[in-house]
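Participant: Below you'll find the structure I mean.
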Amino acid sequence: MEETLEQDRFAGCLLGGAVGDALGAPIEFMSLSEIRERFGRRGIERYAPAYGRIGAITDDTQMTLFTAEGLIRARRRFTSRGICNLQVVVWRAYVRWLLTQGEEAPSLDLTAEPDGWLYQQQELHARRSPGATCLSALRQATRETATRAANDSKGCGGVVRIAPVGLLAIGPFECGADIAAITHGHPTGQLAAGFLAHTIGMIVRGASLRAAIDSAMEELQKRAEHEECTAAVRAALEAAEAETEVGPEAVEDLGAGWVAEEALAIAIFCALKADDFAHGVRLAVNHSGDSDSAGAITGNLLGALWGKQAIPSEFFRDLELREVIEQVATDLARPPDEKDCSRYPPW
């Protein structure tokens, strides 16, 4: 059956994020000089070995998939019962991810069962340098902090997993910020996630990239404590408009990407300057910073904008869990049916 434009953009968003993640994974902890020494002046351009294979995804894509699973389950719960606490359902999905990492679930009566189709994908049980903040927030959750982390982190782990919210949620800015808050307590980390979700939501519904960013900026500035995130986005827009050479040095002027607003800014800059999908993700990963996260967010944006068809086939060939990622995108895009009950139980 031929895909609709919406289905193509859903698949492009999730697959694009995974491609950027896998491209950046081998160089995540390398400096720009080390990248160039190993891969040449142009940096990494195709998958290289990471975690014992070619095309390996990291915890960024793993958590993105569990975000999507939580959203699908929440939709199923609302359809079948007419009531749903979205944050609790997504928190349970993140606990299932925590279990795939060999960790113990927190001792709460809210704790999720390790069930459903996604948890059964054994490749997702590989440990891929999971973020310390995500692990600790989920491990140490109490009833009071399960959906509102008690830490003050604004690490990029909250924003890099949030793309599915833009694809599915009504009110994506608020939903994205609330879901980031499950593990990241700092307002900037939450607002960056809301900004990305809103931007993607606008794109998949037909807005241009710049119009989507401008709309997200309007939403951002309605929120308290927006100044740090606003400054980072403005820096990205000014850099994209400047008549300067596009390269790693321009990316590094925006930061390293380890914190949420910098990762968002790098992705916005790279997406706006991209000649095509491959150019955009390569620009996003080749710098002395959080290469896989910047690549993943850029891939989410460009995949949502241009669809799966814009991603070169060479990036699909060795991409880990490609079929699973594509199936999750399909399940997000289609209306719920009875198959959802067994694959995505409504809790």
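The values are calculated or read from the model by the stated rules, or taken from the named source; none is laboratory data. In this text, all values refer to a predicted model and were calculated from it rather than measured experimentally. So basically every Cβ, Gly included, is an ideal-geometry build from the backbone, and we count neighbours across all protein chains shown.
Participant: Got a number for residues in the range 259-290 being touching a residue at least 40 places away in the same chain (Cβ under 8 Å) and not in a helix (DSSP H, G or I)?
Facilitator: Residues in the range 259-290 being touching a residue at least 40 places away in the same chain (Cβ under 8 Å) and not in a helix (DSSP H, G or I): 5 in total.
Participant: Kindly indicate whether Ala256 is within 25 Å of Val19 (Cα to Cα), in contact with a Ser or Thr (Cβ under 9 Å, 6 or more places away or on another chain), part of a loop (DSSP other than H, G, I, E, B) and modelled with pLDDT of 95 or more. Don't jump to the end; show me each part of the working.
Facilitator: Numbers: within 25 Å of Val19 (Cα to Cα): yes; in contact with a Ser or Thr (Cβ under 9 Å, 6 or more places away or on another chain): yes; part of a loop (DSSP other than H, G, I, E, B): yes; modelled with pLDDT of 95 or more: yes.
Answer is yes for this residue.
Participant: Looking at (1) in a loop (DSSP other than H, G, I, E, B); (2) of a type in the set (Gly, Ala, Ser); (3) on the phi < 0 side of the Ramachandran plot, which is the only condition Gly189 fails?
Facilitator: (1)
Participant: Does Ala132 meet the test of being surrounded by fewer than 19 Cβ atoms within 10 Å (Cβ to Cβ), without any contact (Cβ under 8 Å) to a residue 12 or more places away in the chain, hydrophobic (A, V, I, L, M, F, W, C) and on the phi < 0 side of the Ramachandran plot? Break it down stepwise before answering.
Facilitator: Working: surrounded by fewer than 19 Cβ atoms within 10 Å (Cβ to Cβ): yes; without any contact (Cβ under 8 Å) to a residue 12 or more places away in the chain: yes; hydrophobic (A, V, I, L, M, F, W, C): yes; on the phi < 0 side of the Ramachandran plot: yes.
Yes; evaluated as a whole, the condition is true for this residue.
Participant: Can you give me the number of residues within the range 219-248 that are closer than 15 Å to His287 by Cα and either among the basic types (Lys, Arg) or in contact (Cβ under 8 Å) with a residue 40 or more places away in the chain (or both)?
Facilitator: Final tally of qualifying residues: 1.
Participant: Could you identify the single residue in Arg210, Arg223 that is at pLDDT 95 or above, in a helix (DSSP H, G or I), surrounded by fewer than 24 Cβ atoms within 10 Å (Cβ to Cβ) and not hydroxyl-bearing (Ser, Thr, Tyr)?
Facilitator: Values: Arg223 fails: in a helix (DSSP H, G or I).
Of the residues listed, the single one that is at pLDDT 95 or above, in a helix (DSSP H, G or I), surrounded by fewer than 24 Cβ atoms within 10 Å (Cβ to Cβ) and not hydroxyl-bearing (Ser, Thr, Tyr) is Arg210.
Participant: Tally up the residues in the range 226-246 that are aliphatic (A, V, I, L, M), over 20 Å from the mean Cα position of the chain (by Cα) and assigned to a helix (DSSP H, G or I), please. Working first, answer last.
Facilitator: We begin by selecting, within the range 226-246, every residue aliphatic (A, V, I, L, M); these are 231-233, 235-237, 239-240, 242, 246.
If we keep only those that are over 20 Å from the mean Cα position of the chain (by Cα) too, we end up with 231, 235, 237, 239-240, 242, 246.
Remaining after also requiring assigned to a helix (DSSP H, G or I): 231, 235, 237, 239-240.
Matching residues across the range 226-246 total 5.
Participant: Another question, if that's okay. Being closer than 17 Å to Met63 by Cβ and either touching an Asp or Glu at 6+ places or on another chain (Cβ under 6 Å) or among the acidic types (Asp, Glu) (or both) is the filter; apply it to the range 296-330 and report the residue that is surrounded by the fewest Cβ atoms within 10 Å (Cβ to Cβ).
Facilitator: Leu321
Participant: So which residues in the range 131-179 are modelled with pLDDT of 95 or more, of a type outside the set (A, V, I, L, M) and outside any loop (DSSP other than H, G, I, E, B)?
Facilitator: Within the range 131-179, Thr133, Cys134, Ser136, Gly155, Pro164, Gly166, Pro172, Phe173, Glu174, Cys175, Gly176, Asp178 qualify.
Participant: Report, by residue number, each residue of the range 32-47 that is farther than 21 Å from Ile311 by Cβ, exposed (fewer than 13 other Cβ atoms within 10 Å of the Cβ) and of a type outside the set (Asp, Glu).
Facilitator: The answer is Ser33, Gly40, Arg41.
Participant: Give, as residue ranges, the helices (runs of 4 or more DSSP H) completely inside the range 1-82 that count at least 2 residues that are under 23 Å from Pro172 (Cα atoms). Please lay out each step first, then the result.
Facilitator: Details: elements: 5-24, 32-39, 59-81.
Those helices (runs of 4 or more DSSP H) span 5-24, 59-81.
Participant: Further, regarding this structure: Taking the criterion of being at pLDDT below 95, surrounded by fewer than 18 Cβ atoms within 10 Å (Cβ to Cβ) and in a loop (DSSP other than H, G, I, E, B), would at least one residue in the range 197-205 satisfy it?
Facilitator: yes
Participant: Here is a further query. Being acidic (Asp, Glu), part of a loop (DSSP other than H, G, I, E, B) and over 22 Å from Ile200 (Cα atoms) narrows it down to one residue among Glu249, Glu320; which is it? Spell out the reasoning first.
Facilitator: Working: Glu249 fails: part of a loop (DSSP other than H, G, I, E, B).
It is Glu320.
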